[in-house]
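**Student:** Supplied in structure tokens, the structure appears directly below.
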Amino acid sequence: MNEITLRAMRFHTLVGIMPHERTVAQPIEVDLDVSVVDGAGVIDYRALYDIVAGVVSPGPTDYLEEIGDRIANQVLDHNSRIRSARVAVRKPNVALAGPLDYAQVVVARNADG
């Protein structure tokens, strides 16, 4: 089994449930790790990046979990050699009562269900 990792992909998108989050794009970061079984050909990581960008870009999205879930499902559907996907979605500008680097959600999916 091989692994492909795309780390700290950065996008600006509409994400969140607060009124200002529905109209002002915010930065988010996405990490993607996929496990791939051996076989003919390669998994083009440019296509994986395009999947992530295609999910993130349209917005607005209510929750980071939705972004992670959509990315994981589309990546698994992309190529039958991809056996698992782990997606971390980070939002650095979260308004909370104290200091915080970012909020992160991790979604992990296997091709088996």
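Computed from the coordinates by the stated procedures, all read-outs in this text should not be read as laboratory data. Since the model is a prediction, treat every value here as computed from it, not as a measurement. Note: ideal-geometry Cβ built from the backbone for every residue, glycine included; neighbour counts use all protein chains shown.
**Student:** Charges only on Cβ, +1 for Lys and Arg, -1 for Asp and Glu: so what's the dipole of the range 2-110 about the Cα centre, in debye to the nearest 20?
**Tutor:** Dipole magnitude for the range 2-110 comes out near 60 debye.
**Student:** With point charges of +1 on the Cβ of Lys and Arg and -1 on the Cβ of Asp and Glu, referenced to the Cα centre of the chain, which listed residue (5, 97, 80) lies farthest in the positive direction of the dipole?
**Tutor:** 97
**Student:** Now a separate question. Rounded to the nearest 500 deg cm²/dmol, what is the calculated helix-only ellipticity per residue at 222 nm for the chain, with -39500 (n - 2.57) per DSSP H run of length n ≥ 4?
**Tutor:** Estimated from H runs of four or more residues: -7500 deg cm²/dmol.
**Student:** Still on this model: So if R0 is 41 Å, what FRET efficiency would residue 80 and residue 12 give, r being the distance between their Cβ atoms, rounded to the nearest 0.05?
**Tutor:** So the FRET efficiency works out to roughly 0.80.
**Student:** To continue, here is another question. Of 37, 18, 106, whose Cα points farthest to the positive end of the dipole of the chain (charges on the beta-carbon: +1 Lys, Arg; -1 Asp, Glu; origin at the Cα centre)?
**Tutor:** 18
**Student:** Convex hull volume of the Cα atoms in the chain, per residue, in Å³?
**Tutor:** Measuring per residue, one finds 94 Å³ for the Cα hull of the chain.
**Student:** Here's something else I'd like to know. Top mean-square fluctuation among 14, 32, 96, Gaussian network model of the chain, C-alpha springs under 10 Å?
**Tutor:** Judging by the Gaussian network model, the answer is 96.
**Student:** Hey, can you grab everything whose amide H is under 5 Å from the amide H of residue 36? Only 5+ residues off in sequence or another chain; H modelled, so Pro and N-termini drop out.
**Tutor:** 2, 3, 4, 83
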